[in-house]
1. Quick check on my filter: what residues within segment 275-317 are at positive phi and either of a type in the set (A, V, I, L, M, F, W, C) or crowded, with 24+ Cβ neighbours inside 10 Å (or both)?
2. Any residue at all in segment 96-111 that's surrounded by fewer than 23 Cβ atoms within 10 Å (Cβ to Cβ), out of contact with any strand residue (DSSP E or B) (no Cβ under 8 Å at 6 or more places or on another chain) and in a strand (DSSP E or B)?
3. Quick check on my filter: what residues within segment 195-214 are surrounded by 13 or more Cβ atoms within 10 Å (Cβ to Cβ) and either in contact with a Pro (Cβ under 6 Å, 6 or more places away or on another chain) or among the polar types (S, T, N, Q) (or both)?
4. If you check every pair at least six apart or on different chains, which have Cβ atoms under 6 Å apart with a residue in segment 524-539 that is of a type in the set (D, E, K, R) first and a residue that is assigned to a helix (DSSP H, G or I) second?
5. Tell me which residues, restricted to segment 383-399, are more than 10 Å from residue 358 (Cα to Cα) and of a type in the set (D, E, K, R).
6. Any idea which of (1) in contact with a Leu (Cβ under 8 Å, 6 or more places away or on another chain); (2) over 28 Å from residue 404 (Cα atoms); (3) part of a strand (DSSP E or B) is the one residue 158 doesn't satisfy?
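The values are calculated or read from the model by the stated rules, or taken from the named source; none is laboratory data. What you see is a predicted model; the values in this text were computed from it and never measured. All Cβ positions, even for glycine, are placed from backbone atoms using ideal geometry, and neighbour counts span all protein chains on display.
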Amino acid sequence: MPWNTPSRDMDLEWSAGVVDRGGDPSPDEWTPVTVPGRPAQFADADAVAYRCSFGDPRDDPAEHVLVELDGAFAETSVWLNGEHIVDHDVYFEPLRIALHDELDPENELVVRCARPSDAFGGNYSSSRTPPSAAVPAIRWGATVERRPATFVDRVGVVPHVVGDHAELTVTAAIVSSADRSDRVTVSVRPETASGRATMERAAVDLSETRRSVVSHEVRIDDPIRWWPWELGDPHRYRVGVSIADSEASVHTGIATVGRDDGRLVVNDRTVRGRGLVLDDATPEAVSTARDLGATVVRPRAHVPPRSVQTACDERGMLCWQDLPLTGPVDPDVDRGRTIARRLFKARRRHPSLAIATVHDEPTDLTPDGPLSGGLLGRLRTRWRVWRADFDAETATAIERAFPDAIASAPVVGALGTDPDATAAFPGWSIGDADAIDWLLDRYPEAFETVGAVGVGSISDPGASFPDPVDDAHHAAHAGDDVAASQAYQRRTLKHVVERLRREGCPLFAVASLTDVDGAGMGVYDGEGEPKPARDALANAFQPVVPVLADPSPGESDVIVLNDADQPWSGDLRWTAGSASGSADVTVGTHGRSVPATIEVPEDCSRVELVLALPDGTITNDYRVA
């Protein structure tokens with residue numbers, strides 16, 4: 001069969017059972033399961049063994065069989081025909097096992113997955129994730145493929161921009177069952193636009209080892225840049241490496257991504273960071289976030305599958321990537337550095353990787369319930385903030401393992417702990433919706449980068465939140481009525497997000513996109529249905545949008561916010577009950593303007609703002625308090 005494309009996966013039948021973390025990986029009973037997946041029947045298990053059988057598919061004994069286990073969570077051991085062959089402890093790095101002499105005519109593969117024994121379980125070891133989604137399992141992929149005697153196992157790419165050209169550092173792992181010296185072919189071609197392709201050769205020596213890594217530099221003159229969706233097209237390059245009849249390829253993009261005075265800067269142009277937190281990220285979630293108008297997604301305290309990063313590349317979305325570390329845990333520095341190095345080795349080729357965090361929310365400002373509004377509530381909040389503390393020395397030490405080219409916010413944490421990005425929940429754990437106003441006045445520097453801000457609601461009467469303290473937060477603002485709960489979330493989230501934009505916050509992330517069950521901070525419920533807050537957030541996320549400073553009876557400014565990388569001029573029309581009016585608008589690049597001050601009548605229930613620009617009409621509406 002031809003080897004220039006991967007061979008067809010074998011049809012594998014898997015069974016599984018609960019086992020101990022150590023010793024014999026044989027359960028009392030094997031139960032048929034689907035792999036990849038997260039078998040819910042093992043939700044409470046500390047370790048689960050997975051078993052499959054396969055015949056030797058090779059036509060020639062010089063060929064190989066490649067086993068790939070992707071997303072094996074979290075501490076994994078593998079046995080082949082009763083012999084222990086490998087351990088693996090980084091779930092986001094695919095475990096690839098090239099088999100040759102180890103194979104029998106019929107083979108049994110056993111994979112034991114155990115929960116993390118260290119602090120790096122992240123979201124999957126927290127109350128945010130239900131037990132059924134935290135099962136030790138092979139989550140993303142499990143394949144057994146026939147490969148030739150000499151084949152390309154992995155391809156890695158690290159792009160660099162150097163003046164007016166780019167350099168790609170291409171590495172390839174070559175596996176061979178024969179002693180040989182050979183040459184690999186490295187090819188680079190634009191994937192999404194016309195441009196110049198290159199093809200070069202590099203030597204590889206396999207005379208003394210079955211596995212060798214070759215590295216080669218490719219220069220690209222006048223490279224086609226990758227851009228976030230607001231600034232341009234997400235151009236990518238396909239990088240292929242071939243030897244004999246085997247080829248493997250990956251995609252990369254060429255861009256400079258960094259931060260300047262808190263702003264995200266891509267290819268020397270500013271991108272306003274309107275973000276969404278993803279608690280169990282999928283490619284579909286990236287597309288949904290893009291459709292909502294987000295420019296950034298933040299997979300909170302977990303590393304998602306490679307397909308999520310690829311979706312970010314394809315959709316022109318920036319990725320704020322966390323290490324899998326959250327809550328009041330004490331991580332080992334060396335282990336943290338190892339995870340960081342392996343993460344960035346695996347993901348550096350992705351142009352969407354913009355910023356990274358070590359530790360998510362190590363402390364909680366309101367562990368025993370919400371801080372009320374009013375003067376007393378403000379005083380209590382100020383007291384809590386003054387007393388709050390967190391020693392970021394460990395996070396900073398781990399962050400030193402990040403590549404220099406990656407911007408970082410080592411700690412996303414509570415007010416008062418001097419975090420690099422703030423996690424604060426005005427209108428939820430602190431006061432009512434207007435809490436964001438006095439918090440910005442009191443702690444302006446804390447809101448220059450916001451890692452999480454949000455408001456919860458229920459989708460089912462009597463539903464409980466994943467974290468019990470959020471039940472207390474919810475009870476302080478809404479009862480058991482679903483409509484009232486979701487109306488509060490809609491109104492409050494809209495106000496908080498628009499207030500952050502009015503303040504000029506260059507990077508913030510809303511928690512979160514989707515609930516895991518019948519209650520949560522998502523703008524979609526656990527069934528994937530939109531809540532009322534979904535449309536409110538989509539309005540607030542529009543790159544150019546008119547907003548009402550105070551959606552209550554009386555006088556209020558209309559402010560036009562422009563996140564776009566160009567100025568705009570247009571016409572504003574407004575309707576407030578029986579009153580209406582219009583005004584001309586001119587707003588500068590990344591700027592704001594106040595084209596009108598309107599009077600909202602006492603009997604008004606709804607205000608509508610319509611901004612007509614040369615390329616379309618933008619509408620934003622308010623239910624008057």
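1. In the first step, residues of segment 275-317 are kept if they are at positive phi; the result is 293, 301, 316.
Listed by number, the list holds a single entry, 301.
2. no
3. Once the filter is applied, which keeps residues that are surrounded by 13 or more Cβ atoms within 10 Å (Cβ to Cβ) and either in contact with a Pro (Cβ under 6 Å, 6 or more places away or on another chain) or among the polar types (S, T, N, Q) (or both), segment 195-214 yields 198, 212.
4. That search, which allows pairs on different chains as well, returns 531/486.
5. Within segment 383-399, 384, 387, 389, 391, 393 meet the criteria.
6. Among (1) in contact with a Leu (Cβ under 8 Å, 6 or more places away or on another chain); (2) over 28 Å from residue 404 (Cα atoms); (3) part of a strand (DSSP E or B), the lone unmet condition for residue 158 is (2).
Table: residues versus (1) under 21 Å from residue 273 (Cα atoms); (2) small (Gly, Ala, Ser).
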position: 536; (1), (2): yes, yes
position: 540; (1), (2): yes, yes
position: 546; (1), (2): yes, no
position: 551; (1), (2): no, no
position: 561; (1), (2): yes, no
position: 570; (1), (2): no, yes
position: 573; (1), (2): no, no
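Residues checked against (1) surrounded by fewer than 19 Cβ atoms within 10 Å (Cβ to Cβ); (2) at pLDDT below 95; (3) in contact with a His (Cβ under 6 Å, 6 or more places away or on another chain); (4) among the hydrophobic types (A, V, I, L, M, F, W, C):
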{"position": "494", "(1), (2), (3), (4)": "no, no, no, no"}
{"position": "510", "(1), (2), (3), (4)": "no, no, no, yes"}
{"position": "521", "(1), (2), (3), (4)": "no, no, no, yes"}
{"position": "547", "(1), (2), (3), (4)": "no, no, no, yes"}
{"position": "555", "(1), (2), (3), (4)": "yes, no, no, no"}
{"position": "582", "(1), (2), (3), (4)": "yes, no, no, no"}
{"position": "589", "(1), (2), (3), (4)": "yes, no, no, no"}
